[in-house]
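A quick write-up on the structure given underneath.
The values are calculated or read from the model by the stated rules, or taken from the named source; none is laboratory data. Model, not experiment: these values are computed from the prediction. Don't worry about glycine lacking a Cβ; one is built from the backbone with ideal geometry, like all the others, and counts go over all protein chains shown.
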Amino acid sequence: MLNQFSRTQLLLGQEGIQKLQQSRVAVFGIGGVGGYAVEALVRSGVGTLALIDDDRVCLTNLNRQLHATRKTVGKYKVDAAEERVHEINPNCTVHTYKTFFMPQTAEEFDFSQYDYIIDAIDTVTGKLALITRAQAAGTPIISSMGAGNKLDPTAFEVADIYSTSVCPLAKVMRRECRKRGIQSLKVVYSKELPIRPLEDMSISCRQHCICPPGTARKCTERRDIPGSTAFVPSVVGLIIAGEVVKDLARV
């Protein structure tokens, strides 16, 4: 019967679509990368999504985050993303968690209940805790490396963490994964050398913070505020979603 997933079914087959509809995917980090991953997953027919992020939509998110519009500024990102998911597929089950994932909050999640985990968070400590927990539960995970301060969306590729190079975040993750005995980790990364952002205080969040009231972690508290574009994080998110869909549907 013709439905909204018919074009996808032409490539994945009915069995592949059924596997996706029965799948549960957790997306940690609903920003520039995670938001586009969520978009592709729901449009592919994934039946259950867990969205984890404690941040609110900020005006500076409009340049790259899919669920960020003038209408959603100030809303929790997971709430804005959930609303968009249900506009696309009302039958998709969505669980939202207004949580900043760190080792201290890891106990809130049962990683064995997911069929796949997407790591789209931007702290090394959080990434390592997430990867360790996912692998201990035997749940597949794919991790986003650095997408900020990049301009070439064609430079991203899928690789094992130990096959990466150039990317500063991947370098740190290789070292820390090795320390923890993590033998393999699927990642999306780029060999493009990061660009140093301009130090322009006239447009800097450090001088002109516009975080919505109630924001727990403001940009002014970050060590570095990266530059970003509409076309780099989106590509990373779509690549990640593509890997998840192919793995779940076993294409």
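Residue count for segment 167-185 satisfying the condition of being crowded, with 16+ Cβ neighbours inside 10 Å and in contact (Cβ under 8 Å) with a residue 24 or more places away in the chain: 8.
Would it be correct to say that Val78 is among the β-branched types (Val, Ile, Thr) and in contact with a helix residue (DSSP H, G or I) (Cβ under 8 Å, 6 or more places away or on another chain)? Spelling it out, it is not the case that Val78 is among the β-branched types (Val, Ile, Thr) and in contact with a helix residue (DSSP H, G or I) (Cβ under 8 Å, 6 or more places away or on another chain).
Return yes when Val85 is part of a strand (DSSP E or B), in contact with a helix residue (DSSP H, G or I) (Cβ under 8 Å, 6 or more places away or on another chain) and either under 13 Å from Val27 (Cβ atoms) or modelled with pLDDT under 95 (or both) and no when it is not. No, not satisfied. Only one of the numbered conditions (1) loosely packed, with under 15 Cβ neighbours inside 10 Å; (2) among the β-branched types (Val, Ile, Thr); (3) out of contact with any Gly (no Cβ under 8 Å at 6 or more places or on another chain); (4) within 21 Å of Glu39 (Cα to Cα) is violated by Val73, and that is (1). Can you find a residue that is over 28 Å from Ala136 (Cβ atoms), of a type outside the set (Gly, Ala, Ser) and without any contact (Cβ under 8 Å) to a residue 24 or more places away in the chain anywhere in segment 37-60? No; the residues of segment 37-60 include none that is over 28 Å from Ala136 (Cβ atoms), of a type outside the set (Gly, Ala, Ser) and without any contact (Cβ under 8 Å) to a residue 24 or more places away in the chain. Could you list all residues from segment 30-67 that are among the hydroxyl-bearing types (Ser, Thr, Tyr) and under 25 Å from Gln9 (Cβ atoms)? Within segment 30-67, Tyr36, Ser44, Thr48 qualify. Within the span defined as segment 150-166, one or more residues are crowded, with 16+ Cβ neighbours inside 10 Å, touching a Phe, Trp or Tyr at 6+ places or on another chain (Cβ under 9 Å), not in a loop (DSSP other than H, G, I, E, B) and not aliphatic (A, V, I, L, M).
Looking at Thr105, Thr96, Thr72, just one residue is in a loop (DSSP other than H, G, I, E, B) and over 20 Å from Glu243 (Cα atoms), and that residue is Thr72. Scanning segment 7-55 for residues being over 23 Å from Ser112 (Cα atoms), charged (D, E, K, R) and not in a helix (DSSP H, G or I) gives a total of 1.
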